[in-house]
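Asks: Could you have a look at this structure, given as structure tokens, before my questions?
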Amino acid sequence: MNARMQAPPATPFVDASGQKARPPHIWKPLLITREMIEAEVERLASLPRPANGKRIGRIIHPSAGPGMGLSPGTEVSLQVLKPGEQTSFTRTNANQVELCLRGAGSLLGEKSLRLSRQSVWTVPPMRPYAHRNDGQDLWVRLTYSNAALLQQLGVIYEEDDVEIRATETESDGLSEHQRRTYAWQNAPDTPLTPEGARLRGYEYLTDIPVVDNPPLHWPWERVDPHLNKQVGDDLRTILLLYHPATERRAGTTHSFFATWARFAPGHPPFAGTRGHRHTSMAINYHMQGHGSSVVDGERVHWKAGDLLLSAPGWSEHAHYHGEEGCTVLTIQDHPMHIGLGSLLWQERMNAPILALGMESGQTGYTGPRKPGE
């Protein structure tokens, strides 16, 4: 057949004319028990030391496809270091929150942090870091990362042995005058309409003003005094571990917030039969206590040491603690949704759906699911 007569390539278009509104795809809750975690710690500790020093067990949801994690876009891993061991220095464009479950160690980098049980800390993107166990016990930690999302986008960047690589950067061939002239401070910034539309130069895209994002540490011994100790003490039951770099995203990193929650013994559990929901997913690690969660009608019982995907995005959920109360670290990808403009919140299932960050939000209470409501 003449080349000119060959059939055209298949069209990349898929007809969606008249397509109905698309429903969300909601995952099931997933419980990773204390016994599962302890068995994985033992397995990891039994391995010969890998070349990069990293013993990692990733937690993958049964619904996950390639590159996905415990929830869509959120990678959660269990990591173990033996006493005296250190990982290679690593650099990645993923942002991370870590929780120490056992032992003690140090995060090494331009700013080093000494970390112990129940400490929470951040590992910022593209900053070389390593972990070192300088204690006497296994150092066990949970790492929450947006690496799964970056894998889905095809842009995950990771490198090991950063400390032995050259630190010099190649010259871009620009003179100092060119660098100063073609920077965002001197770029065009032109008002276009009375409503606020503007035209800006390309420099605004490639020379973004820097917001300092150092690793931060929330030591448990400093957090603990601010959490509820006994019924009626006027201390908060839920507190956000806030990093100023996240600004209005109200996060611990730009992807995640971490909250510590404590309900003291005798604190009345939530008494309602319906839960609430939000597009941000939630993962609970139960440090103390026992209870259950009802997620889209499915009741899941949990205890101290259990990890639970307790609120897949846009699932209705409610949590009920036992008579001894509970202490829980919750991770949500709430800040990411604020940045995307996709954070929906419905505090009561018969109440309006709010677009948080885009309109007035949920007010009038100090913690979700107040007793008796």
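The values are calculated or read from the model by the stated rules, or taken from the named source; none is laboratory data. Note that the structure is predicted; figures quoted are calculated from it, not measured. Note: ideal-geometry Cβ built from the backbone for every residue, glycine included; neighbour counts use all protein chains shown.
Asks: Do you know which residues across the range 45-66 are more than 23 Å from TYR129 (Cα to Cα) and assigned to a loop (DSSP other than H, G, I, E, B)?
Replies: Across the range 45-66, the qualifying residues are ILE60, HIS61, PRO62, SER63, ALA64, GLY65, PRO66.
Asks: Another question, then. Pairs needed: first member in the range 195-215, more than 15 Å from GLU247 (Cβ to Cβ); second member anywhere, among the charged types (D, E, K, R); C-beta distance under 7 Å; at least 6 residues apart or different chains.
Replies: ARG198/ASP189; ARG200/ASP189; PRO215/LYS111
Asks: If the Cβ limit is 6 Å and pairs must be 6+ apart or interchain, which residue in the range 40-68 that is loosely packed, with under 13 Cβ neighbours inside 10 Å pairs with which residue that is of a type outside the set (Gly, Ala, Ser)?
Replies: Sorted first by the residue in the range 40-68, then by its partner, the pairs are LEU47/ARG55.
Asks: Now, a different point. Among what's in the range 126-150 and is surrounded by fewer than 19 Cβ atoms within 10 Å (Cβ to Cβ) and under 18 Å from the mean Cα position of the chain (by Cα), pick the residue that is farthest from MET281 (Cα to Cα).
Replies: Of everything passing the filter in the range 126-150, ARG127 is farthest from MET281 (Cα to Cα).
Asks: Condition check: of a type in the set (Lys, Arg) and modelled with pLDDT under 95. Does LYS111 satisfy that? Steps first, answer last, please.
Replies: Numbers: of a type in the set (Lys, Arg): yes; modelled with pLDDT under 95: yes.
In short, yes.
Asks: Take VAL300 and decide whether it is on the phi < 0 side of the Ramachandran plot, among the β-branched types (Val, Ile, Thr) and in contact with a Phe, Trp or Tyr (Cβ under 8 Å, 6 or more places away or on another chain).
Replies: When the stated conditions are applied, VAL300 does not pass them.
Asks: Also, quick follow-up: Please go through the range 95-112 and pick out each residue that is closer than 28 Å to THR327 by Cα and outside any strand (DSSP E or B). Walk me through how you get there before you give the answer.
Replies: Start the filter on the range 95-112 by keeping residues that are closer than 28 Å to THR327 by Cα, which leaves 95-107, 112.
Listed by number, the residues that qualify are ASN95, GLY103, ALA104, SER112.
Asks: Among the listed residues ALA21, ALA7, ALA16, which satisfies the condition of being surrounded by fewer than 20 Cβ atoms within 10 Å (Cβ to Cβ), under 24 Å from PRO312 (Cα atoms) and not assigned by TED's automatic domain parsing to the domain that holds LEU153?
Replies: Result of the check over ALA21, ALA7, ALA16: ALA21.
Yes or no, residue by residue, for (1) touching an Asp or Glu at 6+ places or on another chain (Cβ under 9 Å); (2) of a type in the set (A, V, I, L, M, F, W, C):
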residue: LYS229; (1), (2): no, no
residue: ASP234; (1), (2): no, no
residue: THR237; (1), (2): no, no
residue: ALA245; (1), (2): yes, yes
residue: ARG249; (1), (2): no, no
residue: THR253; (1), (2): no, no
residue: PHE257; (1), (2): yes, yes
residue: ALA264; (1), (2): yes, yes
residue: GLY272; (1), (2): yes, no
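Asks: Identify all residues within the range 298-319 that are farther than 16 Å from LEU30 by Cβ and surrounded by fewer than 18 Cβ atoms within 10 Å (Cβ to Cβ); write none if there are none.
Replies: Matches in the range 298-319: ALA304, GLU316.
Asks: Take ARG102 and decide whether it is in contact with a Pro (Cβ under 9 Å, 6 or more places away or on another chain), touching a residue at least 60 places away in the same chain (Cβ under 8 Å), not aliphatic (A, V, I, L, M) and not assigned by TED's automatic domain parsing to the domain that holds ASP306.
Replies: The answer is no for ARG102.
Asks: Taking the range 212-257, which residues are in a helix (DSSP H, G or I) and either surrounded by fewer than 16 Cβ atoms within 10 Å (Cβ to Cβ) or not hydroxyl-bearing (Ser, Thr, Tyr) (or both)? If you could, list the steps in order and put the result at the bottom.
Replies: Pass one, the range 212-257, residues in a helix (DSSP H, G or I): 220-226, 244-249.
If the condition is that a residue be in a helix (DSSP H, G or I) and either surrounded by fewer than 16 Cβ atoms within 10 Å (Cβ to Cβ) or not hydroxyl-bearing (Ser, Thr, Tyr) (or both), then TRP220, GLU221, ARG222, VAL223, ASP224, PRO225, HIS226, PRO244, ALA245, GLU247, ARG248, ARG249 are the ones that fit.
Asks: Filter the range 228-240 down to residues that are in contact with a Ser or Thr (Cβ under 9 Å, 6 or more places away or on another chain) and not hydroxyl-bearing (Ser, Thr, Tyr) and give me whichever is farthest from PHE263 (Cα to Cα).
Replies: Kept after step one, since they are in contact with a Ser or Thr (Cβ under 9 Å, 6 or more places away or on another chain), are these residues of the range 228-240: 228, 236-240.
Still in the running and not hydroxyl-bearing (Ser, Thr, Tyr): 228, 236, 238-240.
Numbers: ASN228: 6, ARG236: 9, ILE238: 9, LEU239: 12, LEU240: 15 Å.
Here the answer is LEU240.
Asks: Ok, one more. Can you pull out the residues in the range 268-298 that are hydroxyl-bearing (Ser, Thr, Tyr) and over 24 Å from the mean Cα position of the chain (by Cα)? Can you show your working first?
Replies: The first filter runs over the range 268-298 and keeps only residues hydroxyl-bearing (Ser, Thr, Tyr), leaving 273, 279-280, 285, 292-293.
The answer is THR273, and nothing else.
Asks: Check whether at least one residue in the range 213-227 is over 30 Å from PHE263 (Cα atoms) and at pLDDT 95 or above, and report yes or no.
Replies: The answer is yes; a qualifying residue exists.
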